Amino acid sequence: MSAGEAVPRLTARQVTRRRRRESARRTWNEFRSHRSGVVGLGILVVFVLVALGAPLLADATGLKVTAATGGVLEAPSAEYWLGTDDNGRSVLTLLIWGARVSLFVGLLATAISMVIGTLVGVASGHFRGWPSSVLFRLTEWFLVIPFLPLAIVMASVLGASLINIVLVIGVTSWPGTALLIRAQTLSIEERPFLERARALGAGHWHQMSRHVLPNVMPMVFANTTLTVAIAILTETTLSFLGLGDPLRVSWGSMLDDAFGAGAITTGAWWFIIPPGICVILVVLSFTLIGRALEEIFNPRLRRGILDETSKPRRRERS
Amino acid sequence: MNQLGTRYVLGKVAGSLGSLAFMLVVNFFLFRVLPGDPVRTLARNRLVSQQQIDELTRTLGLDQSLPQQFLTYLQNTFTGELGLSFRYRQPVADLILDRLWPTLVLVGTGTLLATMIGLWIGVRSAWNRGSRFDKVSTGSSLTVYAMPEWWLGLMLLAVFSVGVGPLPGIFPTGGLISPGVDPTSLEGVLDQAWHLALPVLTVTLAYLADFSLIMRSSLLDEMGADYLMTARAKGLRDTRVRREHAVPNALLPSVTLVALNLGFVVAGAITIETVFSIPGLGLLTTEALEVPDFPLLQGTFLVFSAAVIAANLVANLLYAVIDPRVRS
């Protein structure tokens, strides 16, 4: 910087951007200290790379039943590292391509669920009077309807396709998010900066988009990762029940095939254990990341950590 | 005070009735309005005879106006007239009644065991946060939580029923009773318990993870409270502080969450019954899916939802009993 410009002039936008970058950096630094969160992120990165690089790792023709080269339920060998399925396809190829479906469904369904949940949550926390109570009641009613039976019924009525599965999971999984966001919104509504904004004549849209939303965003983000975990589990379960897209291989549909082909009784462990382990690893990675983020963003949990250090170290065996 | 308590109870009952009404509307619209012409949709690509189509048109009352249809539907639902199953050619209500008890036993026993063991683990790991027990139990809870419950069931089935390597399987591979055994005799009852052991174990393991994580975090929330400091300052032993002060307070939020979780347990019953071929409502649902048998599916959805709504109401009322604050 030359001596001529004593004070660098920044526009309001630049200031905001700097502040955001600064807070993102701080969050990242804090996240790095959560070991389980970092492990989760590592696992997730591996699976995302596998899903993106599926065409490079395994030839897509290996998914065609008609082009299958192996025998029926062949045990793992040098040629088929994880054996073959009941159609003679390589289980490893199916696993690699299955990662795409699971992640795609998980992420897209969560996006839908987050948009609905955040809109309903912010609106029901921000407005007063009947719109708020109507939205709140709606959320509560939706919350108690058991999620999987509803998803099963919707999937069977709509028909089996990938996009329907995404819609079904997205539309049935938002109420939890909405309640959480509503609670956050209510506490933010009490803050002085919103009172100031209202006093200056800010409209509802400005209040919600500029003040409430940026402040609930971290919680939304932490909740998102936890919702992805549930969405992936639901996709697996719906596919296991035969409601998945019949044209696409997912980990759930592999397990459905394995169960149907009697892999349990014939002892074809390579057809049942690997897809299950993949589901567990991906879901666990999202859960670990979500928990780490929650601990960073949720002041109540942080208080828990402080209390832990102040708790007397006196412990008795009982 | 008593008056306010009544208000709380009435409020919760009204809320549950609201949920029930909402669920009935969802059920109605899902099967009739959403897919356009219901009969055509229901019959699409499926082996449904003309006779069944006619019957469906009649039971759905499609010649009537929409509000009229809704009234007919409500009347049918409340009189237990749930239509005729495509697959079994029997009234749906009868099928559901026949299949009710295995699910009740499975979900009931499983939830009870999972709640008790889960809460115990949660309390222990929160109280000794960061200890070895906490690390192991939280780690395994998270792993089980990440597992589809039916996959856990498949694993248990493979290990304990089919057997691994030289180890023979000791549990039956499926069903509720051995062929030729009278279900009402003592032998029959024991035989059924033997058949239900693995499914109940699956439900218990799958859900105790949820409950222990819930309990752990709600006890951690209480750990810094001032009343605990007071209790310690009075010189109470650690065990008494935990048992008489911390845990009762931490139980409060857990009760609601455990009730909400019941929805997931019921959902778990669908897949676990399928894995173990237990002839309950869950297996009935998956059997209905194969056809698909829409009247039956609608019936089981109704029962599952109503059960979860009722359980939530009970939990809310229980909450009022154990926490006097909500009454005032």
Practice problem: Report the relative contact order of region B:188-282, percent, no decimals, based on alpha-carbon pairs under 8 angstrom and at least 6 residues apart. | Solution: 33
Exercise. Would you work out which of A:LEU94, A:GLY53, A:PRO76 lies farthest towards the positive end of the dipole of region A:13-117? Charges go on Cβ: Lys and Arg +1, Asp and Glu -1.
Key: A:GLY53
Quiz item: Looking at A:VAL105, B:ALA231, A:LEU288, which one has the Cα that reaches farthest to the positive end of the dipole of the protein assembly as shown (charges on Cβ: Lys, Arg +1; Asp, Glu -1)?
Solution: B:ALA231
Quiz item: Taking each residue of A:135-146 in turn, how many C-beta atoms of other protein chains fall within 10 Å of its C-beta, and what is the average?
Solution: 6
Self-check item: Test item: Cα-centred dipole of the protein assembly as shown, Lys/Arg +1 and Asp/Glu -1 on Cβ, debye
Solution: 3600
Quiz item: What is the packing order of peptides A:80-86, A:174-180, A:158-164, taking the mean over residues of other C-beta atoms within 10 Å and listing the highest first?
Solution: A:174-180, A:80-86, A:158-164
Quiz item: In nm, to one decimal, how far is the B:ASN128 label point from the A:MET217 one, both placed 7 Å along Cα→Cβ?
Solution: 4.3
Quiz item: How large is the dipole of region A:71-288 about the Cα centre if only Lys and Arg carry +1 and Asp and Glu carry -1, each at its Cβ, rounded to the nearest 20 debye?
Solution: 1040
Practice problem: Determine how many Å³ per residue the convex hull of the Cα atoms of region B:64-106 encloses. | Solution: 95
Quiz item: Under a Cβ-Cβ cut-off of 15 Å, what is the net charge of the residues other than A:GLY71 that fall near it, where Lys and Arg count +1 and Asp and Glu count -1?
Solution: -3
Self-check item: Helix-only mean residue ellipticity at 222 nm for chain B, each DSSP H run of n ≥ 4 adding -39500 (n - 2.57), per residue, nearest 500
Solution: -24500 deg cm²/dmol
Quiz item: Other chains' Cβ within 10 Å of B:257-268 residues: what's the mean?
Solution: 3
Practice problem: Determine the relative contact order of chain A: mean sequence separation of Cα pairs under 8 Å and six or more apart, normalised by residue count, in whole percent. | Solution: 23
Self-check item: Leading residue at positive end of dipole, the protein assembly as shown (Cβ point charges), from B:ILE278, A:THR177, B:PHE86
Solution: A:THR177
Quiz item: Which peptide among A:204-213, A:96-105 comes first, and what is the full order, when sorted by highest mean count of other Cβ atoms within 10 Å?
Solution: A:96-105, A:204-213
Self-check item: In degrees, nearest ten, helix B:66-78 long axis to first principal axis of chain B (Cα)
Solution: 60
Quiz item: For region B:16-327, rounded, prolate or oblate, judged on the Cα gyration tensor with a ≥ b ≥ c (square roots of eigenvalues), a/c < 1.5 rounded, else prolate if a/b > b/c?
Solution: oblate
Practice problem: With a 10 Å radius around each residue's Cβ, average the other Cβ atoms per peptide and rank B:180-190, B:241-251, highest first. | Solution: B:241-251, B:180-190
Self-check item: Total formal charge among the other residues, if their Cβ is under 12 angstrom from that of B:ILE117, Lys/Arg +1 and Asp/Glu -1
Solution: 0
Quiz item: Using unit Cβ charges (K, R positive; D, E negative) and no other charged atoms, how large, in debye to the nearest 20, is the dipole of chain B about its Cα centre?
Solution: 1340
Self-check item: Tilt relative to chain B, helix B:186-222 - C-alpha long axis, 0 to 90 degrees, to 10
Solution: 50
Practice problem: Starting from the Cα gyration tensor of the protein assembly as shown, take the square roots of the eigenvalues, sort them a ≥ b ≥ c, and report rounded, prolate or oblate (rounded when a/c is under 1.5, otherwise prolate if a/b is larger than b/c, else oblate). | Solution: rounded
Quiz item: Given the convex hull over the Cα atoms of chain A, what projected area results after averaging over all orientations, in nm²?
Solution: 26.6
Exercise. Output the Kirkwood hydrodynamic radius of region A:180-267, Cα pairs only, in Å rounded to one decimal.
Key: 16.6
Practice problem: Just need the relative contact order of chain B here, percent rounded to a whole number, with Cα pairs under 8 Å and 6+ apart. | Solution: 27
Quiz item: Taking region A:8-116, which GluC sites (Glu not before Pro) meet the DSSP loop condition and have no more than 16 other C-beta atoms within 10 Å?
Solution: A:GLU79
Quiz prompt | Helix runs (DSSP H) in chain A reaching 18 Å along axis by Cα, Kyte-Doolittle at least 1.6 | solution = A:35-52, A:91-126, A:269-297
Quiz item: Averaged over A:151-163, how many beta carbons belonging to a partner chain fall within 10 Å of each residue's beta carbon?
Solution: 5
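Laboratory data are not the source of any read-out in this text; all were calculated from the coordinates shown. Here the structure is a predicted model, which means the values were calculated and not measured. FYI the Cβ positions are ideal-geometry reconstructions off the backbone, even for glycines, and counts take in every protein chain you see.
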